[in-house]
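Each remark here refers to the structure printed beneath this line.
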Amino acid sequence: MNYFLTGATGFIGRFLVEKLLARGGTVHVLVREESIFKLDKLRERWGATEDQVKVVVGDITKPELGLSAKDVKALKGKIDHFFHLAAVYDMGADEEAQAFANVEGTRNAVNAAAVLEAKRFHHVSSIAAAGLFRGTFREDMFEEAEKLDHPYLKTKHESEKVVRQECRVPFRIYRPGMVIGHSKTGEMDKIDGPYYFFKLIQKIRRTIPQWVPTVGIEGGRLNVVPVDFVVNAMDHIAHLDGEDGNCFHLVDSDPYKVGEILNIFAEAGHAPRMAMRIDSRMFGFIPPFIRQSVKNLPPVKRLTSAVLDDMGIPASVLSFINYPTRFDARETERVLKDTGIEVPRLETYAPTIWDYWERNLDPDLFKDRTLRGSVEGRVVVITGATSGIGLATAEKLADAGAILVIGARKKERLHEVAAKLSSRGARVYPYQCDFSDMEDADRFIEQVLKDHGHVDFLINNAGRSIRRSLNLSFDRFHDFERTMQLNYFGSVRLIMGFAPSMLERRRGHVVNISSIGVLTNAPRFSAYVASKSALDAFSRCAAAEWSDQNVTFTTINMPLVKTPMIAPTKIYDQVPTLSPDEAADMVADAIIYRPKRIATRLGTFAQVLHAVAPKMGEIIMNTGYKMFPDATPKAGETGARKTKVSSEQVAFAAIMRGIHW
């Protein structure tokens, strides 16, 4: 038996060819000349020879598929079954592309089948041909389709109309539901249908424990079927006698609501289930024009668009949330009776579908999540780059191929570090600057922009810390002034200096090295924490203003790090701290992933505790304040003594790992 297929290299097609080969037939496959290599790979998958799967060069966009006279002569009168599968199955494709491929492509296939004098034409349509029909759509219905405004719905309807009105060969029409992966292997070739919501489910899983109930939507009933059911049904029906002119709904006769589908996949992905699902009918009392007016408000449209973009969900998908159509499939059920071909329940194979998506289709798998991929050839400014966190970060970025702009106060040390970084193969540009001096900071900004034109990443690392209780600070107001001058005003000066070029290029990222003290409200660090808190607040406001211009901020609430800045406080020699290299890893994550905030779990817990039980948080911090002494005088000074750390202090510091005391 001879078969001719368009779209054989597509998702449904590759499975159908496998079924047809099992019948011992010869399969003639239409491919564009530049896509022949795809068929060579598929032959290996099918275990087929060139005699079993034969290439026919052509294109569905050309009249009669662009078949050569030689191919027409060789195949004329010999094709038993002509399957037309090639089409655009993409909710996000533009209208012109869909019309050209779906409608004109079908017309070209119909004409080609007539030229080849094929005995039977099989058209793979879709339940989309029914539009958004409200009620039950039967297999013998077509003209009754409603609301065909969406390009995909319209072109699927029009392409089926071409078959019904123009096909001169006996035909059969198949309307599959939303086709997802193989129920046994999970194999799928793209993100479509319910897959659009998988990223949302994954993000919820990473944020909320599985046992926490969530609120979601109920929605209409979506007809989801696995590809193996569709192919098995088509293969069986295509070879039956006496079914020409009929249409078959390859659907689930007992479909799930949107909320049920999301819950099934949430369970498969180990995410929390929606315990409460909101039904849109609850808002039926609101006049439609009011609901539409609210949806069209610019702030609402922008917020909706931003959320959908973040999740990778096309806006057009929302129109299918309350899908109104049910599909009667009695003809399909009649011909499949006693064959064992049936739609498996989604719960039985959802874990397989999810697992395949997460291992093979998750968009994050195709993003370069390496530091080199983020910074190679990019201009990165690091302040305070000659020691501690700044130096460790500069070393990582040097190895990753960044164009390093490093700034620090001490000229000799600055050039020494630049030479070491250059020896690692990095492009390093050192600039001497005191970032607490606004005029010096302005000169730095002007020179960097003159030399490099722009800045891709700004890492505000230079800072000053003062560990001193308020009881010892009544006559030291200058502590607050100088800390604010560098930690806040210096950083803001740089942000404001480099931001115009970032905004103009619509690309830039600012990483602020803040402190866990901002989250814990650490005693003895009021000057330091206040300056870092001010920078955090500024960055949140700036991020809100520049969110739509791709200029972003990450705040790192850094725990205690063993750097020269904490060296004067000898008690820190006895308590757990991060190494500068570990801190630099946090900076690298900020550059790669661009989160709004990076903090330790203890820091986040402290922030939550201060929000929900502020007195308890205050008592805990006061306990630490009482347990640890103020800084002792330096050696040689009056009252100097060796710092001794008790076992209680060590134990408390270990429990409160990373917090400044």
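Here, each number is a calculation from the coordinates, and none is a lab measurement. Everything numeric in this text was worked out from a predicted model, so none of it was measured. Every residue, glycine as well, gets a Cβ built from its backbone with ideal geometry; the counts of neighbours run over all protein chains shown.
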Item to check | Estimated FRET transfer efficiency when R0 is 30 angstrom, pair Ser579-Asp548 (beta carbons, to 0.05) | outcome: 0.20
Checklist entry - Using alpha carbons only, how many degrees (0 to 90, rounded to 10) separate the axis of helix 258-268 from the longest principal axis of the chain? => result 60
Checklist entry - Binned at 10 Å from 0, what are the whole-percent values of the Cα-Cα distance distribution for segment 425-573, short to long? => result 11, 37, 34, 15, 3, 0
Checklist entry - What's the angle, to the nearest 10 degrees (0 to 90), between helix 36-46's Cα axis and the longest principal axis of the chain? => result 80
Next on the checklist: If I stretch the segment between Glu481 and Lys78 completely, what's the gain in nm (0.36 nm per residue apart, minus their alpha carbon distance), one decimal?
Outcome noted: 136.0 nm
Checklist entry - Which three lengths, in whole Å and largest first, does segment 1-176 cover when its Cα atoms are put on their principal axes? => result 48, 31, 29
Next on the checklist: Whole-Hz ³J(HN,Hα) for each residue in segment 169-178, computed from phi via Karplus 6.51 cos²θ - 1.76 cosθ + 1.60 with θ = phi - 60°, x for glycine and proline: what do you get?
Outcome noted: 10, x, 10, 9, 10, 10, 10, x, x, 6
Checklist outcome for this item: Taking 0.36 nm per residue of separation between Arg507 and Lys615 and subtracting their Cα-Cα distance, the length gained on full extension comes to 34.6 nm
Checklist entry - Quick one: Kirkwood hydrodynamic radius for the chain, alpha-carbon pairs, angstrom, one decimal? => result 29.7
Checklist entry - How large are Rg and Dmax for segment 371-655 when only the alpha carbon atoms are used, in Å? => result 19.2, 58
Checklist outcome for this item: Place a point 7 Å from the Cα of Glu347 in the direction of its beta carbon; the residues of segment 248-271 whose amide N falls under 18 Å from it are 252-271
Checklist entry - Quick one: net charge of Asp630's neighbours, Cβ under 9 Å, K/R +1, D/E -1? => result +3
Checklist entry - How far apart, in nm, are the 7 Å Cα→Cβ label points at Asp368 and Ser422? => result 2.6
Next on the checklist: Can you give the FRET efficiency to the nearest 0.05 for Glu358 and Phe37, using r as the Cβ-Cβ distance and R₀ = 22 Å?
Outcome noted: 0.15
Checklist outcome for this item: Once the dipole of the chain is set up from charges on Cβ (+1 Lys and Arg, -1 Asp and Glu), the residue from the list Pro363, Ile445, Leu486 lying farthest towards its positive end is Leu486
